[in-house]
Amino acid sequence: MNIFFNLRGSVVRQMEERAVPESVMSPPRRSSSSHGDRTSTETLQRNNSSNSGVILDISSLKMAEVDTEVPPLPPRYRFRDLLLGDQTFQNDDRVQVEFYVNENTFKERLKLFFIKNQRSSLRIRLFNFSLKILTCALYIVRVSLDNPDDFNPNPCAFCRTEICTNATDPTKINWDLIFCVNRRVPVWAIQVSVALISFLETMLITYLSYKGNIWEQIFQISFILEMINTVPFIITIFWPPLRNIFVPVFLNCWLAKGALENMINDFHRAIQRTHSAMFNQVFILICTLLCLVFTGACGIQHLERAGKHLTLFDSFYFCIVTFSTVGYGDVTPQIWPSQLLVVILICVALVVLPLQFEELAYLWMESQKLGGNYSRHRAQTEKHVVLCVSSLKIDLLMDFLNEFYAHPRLQDYYVVILCPLEMDLQVRRILQIPLWSQRVIYLQGSALKDQDLMRAKMDDAEACFILSSRNEVDRTAADHQTILRAWAAKDFAPNCPLYVQILKPENKFHVKFADHVVCEEEFKYAMLALNCVCPATSTLVTLLVHTSRGQEGQLSPEQWQRTYGRCSGNEVYHIRLCDSKFFGEYDGKSFTYASFHAHKKYGVCLIGVKREDNKSILLNPGPRHIMAAADTCYYINITKEENSAFIFKQEEKHNKGLPVSGLYDAPSRLPVHSIIASMGTVAIDLQNPDPPEESSKLTLPTENGAGSRRPSIAPVLEIADSSAILPCDLLSDQSEDETNQSDEEGSVGSDFVKGYPPNSPYIGSSPTLCHLLPQKAPFCCLRLDKGCTHNSFEDAKAYGFKNKLIIVSAETAGNGLYNFIVPLRAYYRPRKELNPIVLLLDYPPDNHFLEAICCFPMVYFMAGTIDNLDNLLQCGIIYADNLVVVDKESTMSAEEDYMADAKTIVNVQTMFRLFPSLSIITELTHPSNMRFMQFRAKDCYSLALSKLEKIERDKGSNLAFMFRLPFAAGRVFSISMLDTLLYQSFVKDYMIAIIRLLLGLDTTPGSGYLGAMKITEEDLWIRTYGRLFQKLCSSSAEIPIGIYRTESHMFSTSESQVSINVEQGAEHSERRDTWKEKTAHRNSTTSDQSEHPLLRKKSMQWARRLSRKSAKPSSRAERISQQRLNLYRRSERQELSELVKNRMKHLGLPTVGYDEMNDHQNTLSYVLINPPPDTMLELNDIVYIIRSDPLAHMPEDSQVGQARGTRNQQDFGTETRDETHL
């Protein structure tokens, strides 16, 4: 039996497997086949009457399986179908799924229409609000038609059938007049219809918003009010006696208030715009007050129907008087129900209104912190700029506002400040001043949020200034924030001009898309480098980029302060040649001819030009540049030509019969400095429009009555002659390297080549042709204080440098330091004048920086600090001419403002005392700290300058610090002074390009560079600045732009000896003409040349006159105290000298160089920008000149050959060009 059942089970399984394809393809057939299987099984069971039959059946069945072919596998078991898939099978198993089936129900569709959809729900709420307003209006109509005196109501369930006989008794309350009113049929019909609609809508909204708790829906205030105002009217339909029952329909005003609030929210959701929370809260407060007054007026009027019979207006008047706490008492409720209602209303008002006012005050304070929004209407009708900063300090704000609003065209602009931090107290106090409160708007927000940019209306702004936070310890992180702000502003407002300030030069290429970019470290290091070869370049550039009227110091009794202050008003302007009165007559003339004659005739200094078809500005393109009518001229002047009026004195003198005089006849007659220094119209005196014939030959007067004369100055040619362009006899040939070199020069720099530096430390540096080494120096040879296998030198003395050192003290070797080296190794610097550069670094540089500087000659580094005397002596400070102290990043931030410079100032003061003859150029974080540089506690002259600075600041000057002696002499510099360069670019878009050309950051073919020359004894025959202008233009095609003058000064220690009093200005102005006559040109001589080489007779006479201004002569006690002070100083000086010598002996250094150092502290220096032509030259004056490009005068063949030779010599650096740091 077991065998039989096993065989039967196998047969059944085979039959089921064969039936699988049919069952798979057709599910209904699967049921029939299974039924067939059950039938065959029953048949087998019936046929099992004998064992042989069963065995025969099984054998025949097995034979049939052998004879027949194996049936194919179903599709799910086929490998091909498993890879490709069976489409028929997949289609049959596909199931259609419907989504959001819950929203297809009737309830969900109603909910979508009434609640969820913003636009449809807005219409529903508007309809509901209209119904509530209509009910309130119907109530007012019913009250106006009601007359309690004529009241004869129909009997109702709550009223008696007859009028109370004592209804007229004032001590009794007629409750019938309170519970019943006289409601006319039309009014009743309308009220019933409105109530029915409101009831149905309320029930529908309640049903749709049901969430499982019916009591929560029922006990809502809005639902209860709806039932009170609608159910009584619906009952009157079925019970007519109740038609005159009183219903407090005026309570619908609260439902109207809620509907209005929801409607406004739905409106803003529908239009996808947000309104301010302040507006919403003010709106809620107003609606609450209106509802309270309306509820009180209607309630008191109705209750007083049983009393004094007040009208609706009298009740409204009473509510206004009561809620305003005036309380006249002429209208008062008479019965206790109305009095109780007044008490309830006052209690509700005392609870609700303070909460509303508190919320409003809180939102107002928060809005004051955030700054609100800049009006879209104002943005479309007025012009504004956006200032994006990470933190706003008072100095930064005032520098921006003073410089921005100094231009007359920007007086009507608004400034929107976008800052993520809350406004501090100092900034808030400044912005509350009426001068700024109407033009400056502070918004607290982030430039990375489109909502805040929308608040500032960035897309409508005229410009966006993005400034970095330079006081951050991590300046790279500050740059990253600035980059993200610039990207966000460009993404939000692509058409808005961007003015970006970046700190690190390696991050500059990230903001190349900006219209104007100022990299702080690029300008800083280039300016500090030029300070070493062109003294006070930082002061010169700072004065050029600041807006000034030239009125600073004009009331001072000292001549140098008046001249310095007047010349500080010169700025750079531009004008087209065809539109210019200054330069229009020089069309077709050479550039040098136009520059000289414009300065001679009008007192303006033409420094650059730009062709119409060329976007590059060329500084002093040289005499080969012929001026065209379409050229744009760039010139230095007190004010721009458009604000000038021209007065030809030549014509006046002819009319008056006066003799005509030339330009140089009288030193006191100024051709252009009779200008009224103002931002308005300026009158320029033109004494002689046509130059005299003798002006081209200016000779020196005869000496000792002899008839011999020195050669005259050659005239400036209108058209350039190549043979006439010769080096000036005052200067050394700047192109000595391209032409014949002398033996001495060849010995000094015979191992130098000219080429482009092979390794730039960052992307975006401008390629500059420089003096380079033929082969890169090994890194070990760059270490100054340690010997190596190539040399054994361990100090600066061992190297035997022929020129003075330039020492740079910095914290780290950043990429910006590369811009300090490039201007000092530029190709136009004579080889014999190259100064060795020593980098005194707190932390050793990395190999990447060394790879960038190893190609420059005479560049070394050393690990050390300036507060270590041994490090200073090892790096060769006694053989240095300039020491540059760079502000350290780690000390730029301090807990107390203005304390970030404390360590730097004290260290520099120590070096100032130890090495008095050393020229120390210091960078400070805060410009106001420059008053502590070279500080003398008992120097009354410095105290007088401090008083002058305060006076100028009170007058509103942007350059109040200009009279500080360290700044005037170019000994101190702060990068924040250059912030105005970015601000000025908004009006003068060429300023950044011109300053970069002056500093050597950019090199444009054909453009000149800034240089300097010194006036010696042999040059004093030229006499005046105007004649020097002619000499330079005619001989070497150089354009002078200013003078750096050093005068001897006796710093007094008594307050009675020196004083600067503004009250003396009036008296001084009366004697100004006499002063000019007395201060004619004197020959400058030296006294005690060994100790004071700059001491001149003029300065000594001026010092004696200054000492005579005291009220009384100095007494004997004062003279004794002065002598004691001198002895104390001498002893202190000797003590410091012994200290330095002992340290030098300990280090094994010779003390010979230190013995030669002299104390030259009794001098003052200042910069004169574009002085008048008759300014007398003095000994040791340094003249700023713009030299023309030396390569522009070379033949093309020589340039090509030199470029080819340079390319061959620079092959050693091509392997490392791809290692530029990103």
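The figures follow:
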read-out	value
Potential lengthening between Asn495 and Gln909 on full extension [0.36 nm per residue; Cα-Cα distance subtracted]	144.1 nm
Cβ-derived FRET efficiency at R0 35 Å, Arg936 paired with Thr891, nearest 0.05	0.90
Extended-chain gain in nm, criterion 0.36 nm per residue less alpha-carbon gap, Lys308 and Arg429	37.8 nm
Cα Rg, Dmax (largest Cα-Cα span) when computed across segment 329-453, Å	22.8, 73
Peptides 626-633, 961-968 ordered by average Cβ neighbours within 10 Å, highest first	961-968, 626-633
With every protein chain in place, segment 907-988: carbon and sulfur % of accessible area (1.4 Å)	55
Accessible-area composition of segment 805-872, carbon plus sulfur, in percent [1.4 Å probe]	44
Solvent-accessible area of Lys107 with every protein chain in place, 1.4 Å probe, in Å² to the nearest 10	60
Ranked by how many other beta carbons lie within 10 Å on average, peptides 545-555, 415-425 from highest	545-555, 415-425
Kirkwood Rh, angstrom, segment 428-576 [1 / mean 1/r, Cα pairs]	18.5
Solvent-accessible area per residue for segment 195-331 (1.4 angstrom probe, square angstrom)	51
Highest to lowest packing among 116-125, 1030-1039, 496-505, scored as the average C-beta count within 10 Å	1030-1039, 496-505, 116-125
20 Å Cα-Cα threshold exceeded, pairs from Lys786/Lys1145; Lys524/Lys610; Lys802/Lys832; Lys524/Lys950; Lys512/Lys615; Lys610/Lys988	Lys524/Lys610; Lys524/Lys950
Leu340 paired with Ser946, simple spin-label distance in nm, labels 7 Å along Cα-to-beta-carbon	7.9
Largest-first principal axis extents of the Cα set of segment 801-937 (Å)	44, 32, 29
Rg/Rg_globular for segment 175-319, with Rg_globular taken as 2.2 N^0.38 Å and Rg from C-alpha atoms	1.24
Cβ-Cβ FRET estimate between Thr789 and Glu359, R0 fixed at 60 Å, reported to 0.05	0.15
Computed E for Trp215/Asp459 - FRET, C-beta separation, R0 56 angstrom, nearest 0.05	0.60
Separation of alpha-carbon centers, segment 428-444 and segment 866-885, rounded to whole Å	47
Ile763 versus Lys802: modelled label distance in nm, points set 7 Å from Cα along the beta carbon direction	4.3
Pair Glu718, Val97: separation of 7 Å Cα→Cβ label points (nm)	9.3
Mean-position separation - Cα centroids, segment 313-360 and segment 190-248, in angstrom	29
Accessible area of segment 371-487 belonging to carbon and sulfur atoms, whole % at 1.4 Å probe	51
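The values are calculated or read from the model by the stated rules, or taken from the named source; none is laboratory data. Quantities reported herein were computed from a predicted structural model and do not represent experimental measurements. Reconstructed Cβ throughout: ideal geometry from the backbone, glycine too, with neighbour counts over all protein chains shown. When the accessible area is computed, the model is the full protein with side chains, heavy atoms only, and any ligands, DNA or RNA have been set aside. Shrake-Rupley method; radii C 1.70, N 1.55, O 1.52, S 1.80 Å.
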